[in-house]
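**Q** Quick one: the structure is below, questions incoming.
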Amino acid sequence: MSTVSIIEVKTAGQLMQFVRFPMDLYKNNSYYVPSFINDEINIWNAAENPALQYSEAKQYLAYKNNKIVGRIAVIINHKEEKELGIQKVRFGWIDFIDDEEVSTALIQKAIDYAREKKIHKIEGPMGFTNLDKAGMLIKGFDQLATMIGIYNHEYYPKHLEKLGLMKEKEWVEFEIIFPEILPEKIHKFNQLISEKYKLKVLKFKTKEEIIQYVDPMFDLLDETYKHLSTYTPISDEQRKTYKEKYFKLIDKDFIVCIADENNHLISFAITMPSYSKALQKSGGKLLPFGWWHFLRAGKKNDRANFYLIGIHPDYQRRGVTSIIFKEIWDIFRKKGVKFLETNPELEENKSIQLLWQDYNPVNHKRRRTYSKEVNE
């Protein structure tokens, strides 16, 4: 008989336990980076998370010997089902101690939920949408996590595979050591491409000047990734939420925007100083003193993270990525940044990975979602 009990999260106190469990689990792990506690709580608030307008979700805690030993969330994205015809239960926020009885009980809860909803597939870990964290780490357990990547123990994927879950999708991440000097041929090539297509790099004096380009950036994201089989367009509500959530963290100097002769945005890239160590020191809280760690990380940091890139299809494979990289190099040289870590990229998304191919990228992390067919 199982000694693990699964309890649905229904109170504010239980939700706080749900949010804080991984912080306790990874308390002595130097690679784990906590999320902002308030952001994690707001994910489950319909007034704060627009994805809940077209999704349903539940969170669960696993107990053993009266102690919390695991957690999991289950999600059904009805927009995904309506627009892409994909019907599945997403599971995410999955963490557990190294105990097969616990991982079995958590995955069984996702299976039971799928059966209850008459859905024949589960997949995870993933969030509500394409812009949420996704993919269980299968390589890079000894690498510092980022704000946009899930960190997990090495035993996690072993547990899921033993339970019969199979690889569904896989992402790759790269680390790049920036060269001290860019070859002259790169400068000449960038000038040639800019003149040929009449492109210009936009410069911003204040963060407020960027606001007019935020919606065009989201439009470019849709254009860039719409060919991927699992991509769903970003809703107006999501745009508003992401603006409010992330705009305050963006440094105008770390944004590259390229426009055509009519001042239409055709490409952009967003990098940010790495806030991983700041999050570790702050424990996922800005107050009372967490803000100081973030302020310092933003001003003096030799490491940066690549967050988003959008390139209009008409300009893909035309050398625009070379212009982006050269501009990033200029920014990093001024800021003292020596290392860049890319965001997770689907392994089949070769067009984005071409951005790094000439700069000796090291594939230092891999992550994967797992799926399982569910019988009635």
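**Q** Just to make sure I understand: if all protein chains stay in place, what is the order of K109, K162, K240 by accessible area at 1.4 Å, largest first? Write out the running numbers ahead of the final one.
**A** Working: K109 55, K162 145, K240 120 Å².
I get K162, K240, K109, largest accessible area first.
**Q** If packing is taken as the average number of other Cβ atoms within 10 Å across a peptide's residues, how do 124-130, 309-315 rank, most packed first?
**A** Going from most to least packed, we get 124-130, 309-315.
**Q** Pick out the long, greasy-scoring helices in the chain: whole DSSP H runs spanning 30 Å or more along their own axis by Cα, mean Kyte-Doolittle at least -1.0.
**A** Once both thresholds are applied, nothing remains.
**Q** Any idea what the dipole of the stretch 92-197 comes to, in debye rounded to 20, about its Cα centre with Lys/Arg Cβ at +1 and Asp/Glu Cβ at -1?
**A** Dipole magnitude for the stretch 92-197 comes out near 600 debye.
**Q** Now for a separate question. Under the Karplus relation 6.51 cos²θ - 1.76 cosθ + 1.60, θ = phi - 60°, what is the ordered set of whole-Hz ³J(HN,Hα) values for the stretch 362-374, x standing for Gly and Pro?
**A** Coupling constants for the stretch 362-374: 10, 6, 9, 9, 9, 9, 8, 9, 10, 9, 8, 6, 10 Hz.
**Q** Once you have all Cα-Cα distances for the stretch 155-306, histogram them in 10 Å bins from zero and send the whole-percent values.
**A** Bin by bin from 0 Å, the calculated values are 8, 25, 33, 25, 8, 1.
**Q** Put +1 on the Cβ of every Lys and Arg and -1 on every Asp and Glu Cβ in the stretch 179-337; which of W292, L220, F332 then has its Cα farthest towards the positive end of the dipole?
**A** Farthest along the dipole direction, towards plus: W292.
**Q** How long is the gain from W292 to H187 if the chain were fully straight, where each residue apart is worth 0.36 nm and the alpha carbon distance is subtracted?
**A** Between W292 and H187, full extension yields an extra 34.0 nm.
**Q** Return a whole-number percent for the relative contact order of the stretch 200-280, with Cα pairs under 8 Å and 6 or more residues apart as the contact set.
**A** Computed over the stretch 200-280, the figure is 36 percent.
**Q** Dipole magnitude of the stretch 179-337 about its Cα centre, charges +1 at Lys/Arg Cβ and -1 at Asp/Glu Cβ only, in debye to the nearest 20?
**A** Dipole about the Cα centre, nearest 20: 780 debye.
**Q** Helix-only estimate, please: 222 nm mean residue ellipticity of the chain, summing -39500 (n - 2.57) across DSSP H runs of length 4 or more and dividing by its residues, to the nearest 500.
**A** Theoretical 222 nm ellipticity from helices: -10500 deg cm²/dmol.
**Q** R0 = 25 Å: FRET efficiency of M16 with K167, Cβ-based, nearest 0.05?
**A** That gives a FRET efficiency of 0.15.
**Q** Go ahead and set up a Gaussian network model of the chain, Cα springs under 10 Å, then flag whichever of A12, A145, A105 fluctuates most.
**A** Looking only at A12, A145, A105, the largest GNM fluctuation is found for A12.
**Q** Among 41-50, 317-326, how do they line up by average Cβ neighbours within 10 Å per residue, starting with the highest?
**A** Values: 41-50: 15.3, 317-326: 18.9.
Top of the packing list down: 317-326, 41-50.
**Q** Apply the a/c threshold of 1.5 to the C-alpha gyration tensor of the chain and tell me whether it is rounded, prolate or oblate.
**A** Taking the square roots of the gyration eigenvalues as a ≥ b ≥ c, the chain is prolate.
**Q** So, taking all protein chains as they sit and a 1.4 Å probe, how much accessible area belongs to L308, in Å² rounded to tens?
**A** Its heavy atoms expose roughly 60 Å² to the probe.
**Q** Please work out the FRET efficiency for the pair D330 and A47, using the Cβ-Cβ distance as r and a Förster radius of 35 Å; give the result to the nearest 0.05.
**A** Working: r = 41 Å, r/R0 = 1.18.
Efficiency computed from Cβ-Cβ geometry: 0.25.
**Q** Here is a follow-up. For the stretch 134-152 and the stretch 307-376, write down the distance between their C-alpha centroids in whole Å.
**A** Using only Cα atoms, the two centres lie 16 Å from each other.
**Q** Another question, if that's okay. Which peptide among 133-144, 356-367 comes first, and what is the full order, when sorted by highest mean count of other Cβ atoms within 10 Å?
**A** Details: 133-144: 18.8, 356-367: 16.2.
With the highest mean Cβ count within 10 Å placed first, the list reads 133-144, 356-367.
The values are calculated or read from the model by the stated rules, or taken from the named source; none is laboratory data. What you see is a predicted model; the values in this text were computed from it and never measured. Backbone-built Cβ (ideal geometry, glycine too); neighbour counts: all protein chains shown. Heads up: the accessible areas ignore ligands, DNA and RNA and are worked out on the full protein's heavy atoms, side chains in. Shrake-Rupley method; radii C 1.70, N 1.55, O 1.52, S 1.80 Å.
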